[in-house]
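Undergrad: Please read through the structure below; I'll follow up with questions.
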Amino acid sequence: MDQLTSLTSAQQTVLDAAHPLGCEKIGLLDSLGRVLGEDILAPRSNPPWDNSAMDGFAVRWADIKQDYAITRIPELHIVEDVAAGAVATKTVGPGEAIRIMTGAPMPAGADTVVRVEYTEPSGTKVRIMKTEAGQGSNIRPKGEDVTEG
């Protein structure tokens, strides 16, 4: 019966047969099927901050969580409207909401976004008719696509 090759010997056989490939700079469109020759570092995270993944209302999960909604439909006071590209100037406190658009940075105090389709806004109030899966819903966290470094 043949003797089994030791792990060290097998590793050395592979290393002896491997020949490092050189690097070359090519255009992005010519890089399909290629492997990076060195790390690429991102100069910044994308998105650069936590932001709303959709139009809706930035709220505190504690104000709308399911066990709270079972006894009554949450109604929150709208304290500000924030467009995409704008930054909230107010903090979301208990019983409050900020109307927020897709891409807008998350306001302080808010930990969840309820999509507009699940709400009934009326003047300075908004009723939350349905909630998402849980705290943090509909938020794109900083660096979700690319993390700095």
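Undergrad: Out of A88, A84, A62, I need the residue that is touching a residue at least 12 places away in the same chain (Cβ under 8 Å) and outside any loop (DSSP other than H, G, I, E, B). Which one?
TA: Exactly one of A88, A84, A62 is touching a residue at least 12 places away in the same chain (Cβ under 8 Å) and outside any loop (DSSP other than H, G, I, E, B), namely A62.
Undergrad: Something else about it: Return the only residue of A97, A62, A42 being closer than 16 Å to M129 by Cβ, within 21 Å of the chain's Cα centre (by Cα) and not basic (K, R). Break it down stepwise before answering.
TA: Numbers: A62 fails: closer than 16 Å to M129 by Cβ; A42 fails: closer than 16 Å to M129 by Cβ.
Going through A97, A62, A42 in turn, just one is closer than 16 Å to M129 by Cβ, within 21 Å of the chain's Cα centre (by Cα) and not basic (K, R): A97.
Undergrad: Which ones in the range 129-149 are in contact with a strand residue (DSSP E or B) (Cβ under 7 Å, 6 or more places away or on another chain) and of a type in the set (S, T, Y)?
TA: T131, S137
Undergrad: Then there's this: I'm trying to understand the selection: among the residues of the range 17-52, which are exposed (fewer than 10 other Cβ atoms within 10 Å of the Cβ) and not in a loop (DSSP other than H, G, I, E, B)?
TA: A17, L28, L29, D30
Undergrad: Anything in the range 103-120 that is buried (at least 16 other Cβ atoms within 10 Å of the Cβ), on the phi < 0 side of the Ramachandran plot and in a loop (DSSP other than H, G, I, E, B)? List them, or say none.
TA: Scanning the range 103-120 gives A104, M106, P107, A110, D111.
Undergrad: Right, E96: acidic (D, E) and touching a strand residue (DSSP E or B) at 6+ places or on another chain (Cβ under 8 Å) or not? Even if it seems obvious, please write down each step before you answer.
TA: Details: acidic (D, E): yes; touching a strand residue (DSSP E or B) at 6+ places or on another chain (Cβ under 8 Å): yes.
The answer is yes for E96.
Read-outs: derived from the displayed coordinates by stated rules, not from any lab. Keep in mind that what you see is a predicted model, and the values were worked out from it rather than measured. With ideal geometry, Cβ positions are generated from the backbone for all residues, glycine too; neighbour counts draw on all protein chains shown.
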